[in-house]
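Peer 1: After the structure tokens below, expect a handful of questions from me.
The values are calculated or read from the model by the stated rules, or taken from the named source; none is laboratory data. Bear in mind that the values here come from a model prediction, so they are computed numbers and not experimental data. Cβ atoms come from the backbone with ideal geometry, glycine included; neighbour counts cover every protein chain shown.
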2 protein chains.
Amino acid sequence: MRARNAFYAQSGGVTAVINASACAVIETARQHPERIGKVLAGRDGIIGALNEDLIDTSRESAAAIAALRHTPGGAFGSCRYKLKGLEQNRREYERLIEVFRAHDIGYFFYNGGGDSADTCLKVAQMAQASGYPLQAIHIPKTVDNDLPLTDTCPGFGSVAKYVATSMREAGLDVASMARTSTKVFVMEVMGRHAGWITAACALAAENEGEAPHILLLPEVRFDETRFLERVKECVTRYGFCAVAVSEGLLASDGRFLAEAGTVDAFGHAQLGGVGPHIAGLVKQRLGYKFHWAVADYLQRAARHIASKTDVEQAFAVGRAAVEMALSGKNAVMPAIRRLSDAPYQWDIIAAPLDQVANVERKMPQEFIAADGFGITAEARRYLAPLIQGEDFPPFRDGLPVYVRLRNETIKKGLPQFVI
Amino acid sequence: MRARNAFYAQSGGVTAVINASACAVIETARQHPERIGKVLAGRDGIIGALNEDLIDTSRESAAAIAALRHTPGGAFGSCRYKLKGLEQNRREYERLIEVFRAHDIGYFFYNGGGDSADTCLKVAQMAQASGYPLQAIHIPKTVDNDLPLTDTCPGFGSVAKYVATSMREAGLDVASMARTSTKVFVMEVMGRHAGWITAACALAAENEGEAPHILLLPEVRFDETRFLERVKECVTRYGFCAVAVSEGLLASDGRFLAEAGTVDAFGHAQLGGVGPHIAGLVKQRLGYKFHWAVADYLQRAARHIASKTDVEQAFAVGRAAVEMALSGKNAVMPAIRRLSDAPYQWDIIAAPLDQVANVERKMPQEFIAADGFGITAEARRYLAPLIQGEDFPPFRDGLPVYVRLRNETIKKGLPQFVI
């Protein structure tokens, strides 16, 4: 069996650990030169494949590739670009196969969330239909933790650790000042439809009265009256009230509470601003002094406080993707299987892509406290292991050292393609 | 000379390292039992002194006090409560002396910013005028870095490290996605009148094109046209534009660009929201997709990414405060004196409080780049040492372990006082 090249691309919102998966793909591929030639990375994700804009990762040193393990963001660029269905846009799939053929790509590694799993599956189907030999493997990544069949999604554990740490720290700050200053603190976190990140904030509290006191999850429609009552109760009882709110919080009519009015390339609404909205409401109705924070990209880029478990899982799914390809698997995703909670033990299994694509995993109802403002012990048991361990990046001059790759592209051989 | 008790209080906005100063005061005092009896801490700052609400720190274990060094927030509570001038409010100063007398307090350690320096000076004067023997020492603390006579203010270096780290990380995130997604990222940071924190964001960039590309400093009036031109230029040249904006950015007419319309106990306007405002402007005028973050309390509570230099300085000024008191000094503040930039060398000197109180140190003009959107090499030389070194707190179960003190108060002996 001769060596064929591999294609790797990052898709959708990047994370603190997606490059750890890239690192694993490239390092593992380099261990199998008899089977895998070059790993070519798409510049800016799948767009790089369509444009034949292919980064030659063999030009990067072993040290640079190793440094990907501790570098946040997407080292080759990512994109929000969803290929339409095969029927509507056969042309793009054909182009992909054409580019793969031109560069002898036998392995397609697509590192992303639910939309990318769908694309990956379609590429696998298209290759099969065209008689082009290709193994398409999806590598899970999303801070939203909303992929099915895997215990968690690489990227989520680090965001969870960041938001829980931040909530614990800000909570101490507010608690010290509450007597004469801020009484209500609101932190807005990511999570468009699933409340996993908001739920993770709850890990900050170990004892009664500690921040956060209230979670506003996207799974629970916002009830203003009950919320304000609870805020008042917390301020009375604990002196202050810390709230974690999901960007995707829904009003009672089912609309996003704070909608910026714009949509991204996937047709999703661009959210932001529910934190200040909630804080303003508290001020207006209860008169409490407030502060609010919106962590935004800070949370998903915070490699400096990444979860060691998350980094290891991101690496493990990257390595497993290559191993699955080498063992002949196609249209699968390496998924994390939990074997035990404490100690947290897990292994990697192959999940069929047709069961992953376009399935959004929401928080199970039994993870949400009866009053809707917190999480259950079961949720805590699930979440706690995911933030375990620290994996600090190297620092120089007081700041984390992140690698920038050369990102040299190979020579194009095909006519230009208009997306 | 018999031992007398000490009073310690935290004032104003707390920081990631103010407890390191508290740790130093208590540990150093404990080393001098022949001169210093108990260290009594004001619950919620100076209000604790007025209310005779005094925490007996001798009830805390050595381990708990040592853990203060790595615990953010204010361990005894802080407050925004400014004593008025002696003429307007003699009553409160008299009450303080009365409480000090009742508890044999011979040392007054007040840990805060400019307003607290002023209070500390007045307490010293009042004690002197009343013939009450007291040594009043102010311990510098403020993330705003706006105290005079000291190279830097403990608290600032850690915020500087946090914002520079966050900007570097978020910058990598945005750079990876800019082709099809967010092109402009705005991060709002603290700094009401002085742009030190915003300036520190610039440390994130080591090479041309790296985030941040634009600083919006409170020292430079906002010029919308020039700003938008620059944003466009950055997006064209680098593919994206990262902006750090001070909460205290002023419009061309000198008003705060985003004023929440409320004032705190010191009569300062409560700001917040300039980040989304600027981001919205970019969207509206240039049409770029944007994201914004408001770090708010996260930045000043982020002990997990504290600057080792800052922690050491916070500890050093606390220790020096006790040593100065023991050597007979009064109405002074331990100030940090820079001896060299690289390697950063510093020592502690005694700064007279009458030269500290009510003087706000702004960024020198020569620290601001000619175009107003960045900092100079001189500013970088000043800032760089302050974020050096890491001093990670201990972690347990994936989160930093912060101490909670028992905070038991001593028995009151005086009639109640109505503030």
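Peer 1: If you check every pair at least six apart or on different chains, which have Cβ atoms under 8 Å apart with a residue in the range B:49-78 that is more than 13 Å from chain A (Cβ to nearest Cβ) first and a residue that is among the basic types (Lys, Arg) and in a strand (DSSP E or B) second?
Peer 2: That search, which allows pairs on different chains as well, returns B:Asp56/B:Lys38; B:Thr57/B:Lys38; B:Ser58/B:Lys38.
Peer 1: Take the range A:269-316 and flag every residue that is under 22 Å from B:Gly171 (Cα atoms) and either more than 9 Å from chain B (Cβ to nearest Cβ) or assigned to a loop (DSSP other than H, G, I, E, B) (or both).
Peer 2: A:Leu271, A:Gly272, A:Gly273, A:Ala295, A:Asp296, A:Ala302, A:Ala306, A:Asp310, A:Val311, A:Ala314
Peer 1: With the checklist (1) under 29 Å from A:Phe7 (Cα atoms); (2) exposed (fewer than 14 other Cβ atoms within 10 Å of the Cβ); (3) among the basic types (Lys, Arg) in hand, flag the one item A:Arg396 doesn't pass.
Peer 2: All conditions pass for A:Arg396, except number (1).
Peer 1: A follow-up question, please. For the structure I just gave you, tell me whether A:Ile348 is touching a helix residue (DSSP H, G or I) at 6+ places or on another chain (Cβ under 7 Å), free of Cβ contacts under 8 Å to residues at least 60 places away in the same chain and more than 18 Å from A:Thr198 (Cβ to Cβ). Quick ask: steps written out before the conclusion?
Peer 2: Numbers: touching a helix residue (DSSP H, G or I) at 6+ places or on another chain (Cβ under 7 Å): yes; free of Cβ contacts under 8 Å to residues at least 60 places away in the same chain: yes; more than 18 Å from A:Thr198 (Cβ to Cβ): yes.
Yes, satisfied.
Peer 1: Continuing with the same structure: Enumerate the pairs (first residue in the range B:223-238 and in the same structural domain as B:Lys183 (by TED's automatic domain parsing) and at pLDDT 95 or above; second residue anywhere and surrounded by fewer than 17 Cβ atoms within 10 Å (Cβ to Cβ) and of a type in the set (Lys, Arg)) with beta-carbon separation below 6 Å, excluding pairs fewer than 6 apart on the same chain, so at least 6 apart or on different chains.
Peer 2: Filtered contacts from the range B:223-238: B:Leu228/B:Arg285.
Peer 1: Turning to a different aspect of this structure: Go through the range A:165-186 and give me each residue that's facing chain B (nearest Cβ under 7 Å) and of a type in the set (Val, Ile, Thr). Before you say what the answer is, go through the steps one by one.
Peer 2: Narrowing the range A:165-186 to residues facing chain B (nearest Cβ under 7 Å): A:165-166, A:168-170, A:172-177, A:179-181, A:185.
If the condition is that a residue be facing chain B (nearest Cβ under 7 Å) and of a type in the set (Val, Ile, Thr), then A:Thr165, A:Val174, A:Thr180 are the ones that fit.
Peer 1: State whether the residues of the range A:43-61 include one that is modelled with pLDDT under 95, under 23 Å from the mean Cα position of the chain (by Cα) and among the basic types (Lys, Arg).
Peer 2: Within the range A:43-61 (the criterion being modelled with pLDDT under 95, under 23 Å from the mean Cα position of the chain (by Cα) and among the basic types (Lys, Arg)), the answer is no, since none of the residues qualifies.
Peer 1: Among the numbered conditions (1) over 30 Å from A:Leu216 (Cα atoms); (2) assigned to a loop (DSSP other than H, G, I, E, B), tell me where A:Pro334 comes up short.
Peer 2: For A:Pro334, the failing item is (2).
Peer 1: If you scan the range A:184-220, which residues turn out to be in a helix (DSSP H, G or I), touching a strand residue (DSSP E or B) at 6+ places or on another chain (Cβ under 8 Å) and not small (Gly, Ala, Ser)?
Peer 2: A:Ile197, A:Thr198, A:Cys201, A:Leu203
Peer 1: Look at the range B:362-419 and say how many of its residues are within 30 Å of B:Leu40 (Cα to Cα), within 14 Å of chain A (Cβ to nearest Cβ), free of Cβ contacts under 8 Å to residues at least 40 places away in the same chain and over 25 Å from the mean Cα position of the chain (by Cα).
Peer 2: 0
Peer 1: Next question. Among the residues of the range B:279-302, which ones are under 27 Å from B:Thr142 (Cβ atoms) and either modelled with pLDDT under 95 or touching a helix residue (DSSP H, G or I) at 6+ places or on another chain (Cβ under 6 Å) (or both)?
Peer 2: At the first step, the residues of the range B:279-302 found to be under 27 Å from B:Thr142 (Cβ atoms) are B:292-302.
Selection gives B:Trp292, B:Ala293, B:Val294, B:Tyr297, B:Leu298, B:Gln299, B:Arg300, B:Ala301, B:Ala302.
A quick yes/no check of all residues on (1) crowded, with 24+ Cβ neighbours inside 10 Å; (2) in contact with a Pro (Cβ under 8 Å, 6 or more places away or on another chain); (3) at pLDDT 95 or above:
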residue: A:Asp151; (1), (2), (3): no, no, yes
residue: A:Val163; (1), (2), (3): yes, no, yes
residue: A:Ala175; (1), (2), (3): no, no, yes
residue: A:Arg179; (1), (2), (3): no, no, no
residue: A:Val184; (1), (2), (3): yes, no, yes
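Peer 1: Give just the number: which of (1) assigned by TED's automatic domain parsing to the domain that holds B:Cys23; (2) in contact with a strand residue (DSSP E or B) (Cβ under 9 Å, 6 or more places away or on another chain) does B:Glu169 not satisfy?
Peer 2: For B:Glu169, the exception is condition (1).
Peer 1: Next question. Is one or more of the residues making up the range B:94-107 under 20 Å from A:Arg179 (Cβ atoms), out of contact with any Asp or Glu (no Cβ under 8 Å at 6 or more places or on another chain) and of a type outside the set (Lys, Arg)? So that I can check it myself, show each step before the final result.
Peer 2: Within the range B:94-107, the first condition is being under 20 Å from A:Arg179 (Cβ atoms), and the residues that meet it are B:95-96, B:99.
Going one step further and asking which of them are out of contact with any Asp or Glu (no Cβ under 8 Å at 6 or more places or on another chain), we end up with B:95-96.
Going one step further and asking which of them are of a type outside the set (Lys, Arg), we end up with B:96.
Yes, some residue in the range B:94-107 is under 20 Å from A:Arg179 (Cβ atoms), out of contact with any Asp or Glu (no Cβ under 8 Å at 6 or more places or on another chain) and of a type outside the set (Lys, Arg).
Peer 1: Related question: Determine, yes or no, whether B:Asp354 is within 21 Å of B:Ala160 (Cβ to Cβ) and either within 14 Å of another protein chain (Cβ to nearest Cβ) or surrounded by fewer than 17 Cβ atoms within 10 Å (Cβ to Cβ) (or both).
Peer 2: Values: within 21 Å of B:Ala160 (Cβ to Cβ): no; either within 14 Å of another protein chain (Cβ to nearest Cβ) or surrounded by fewer than 17 Cβ atoms within 10 Å (Cβ to Cβ) (or both): yes.
Answer is no for this residue.
Peer 1: Which one of these is of a type in the set (Asp, Glu) and closer than 20 Å to B:Thr150 by Cα: B:Asp354, B:Asp371? Quick ask: steps written out before the conclusion?
Peer 2: Working: B:Asp371 fails: closer than 20 Å to B:Thr150 by Cα.
None of the others qualify; the one that does is B:Asp354.
Peer 1: Here's another thing I want to ask about it. Is it the case, given these coordinates, that B:Ala200 is within 14 Å of chain A (Cβ to nearest Cβ) and either touching a helix residue (DSSP H, G or I) at 6+ places or on another chain (Cβ under 8 Å) or at pLDDT 95 or above (or both)?
Peer 2: Working: within 14 Å of chain A (Cβ to nearest Cβ): yes; either touching a helix residue (DSSP H, G or I) at 6+ places or on another chain (Cβ under 8 Å) or at pLDDT 95 or above (or both): yes.
Yes, satisfied.
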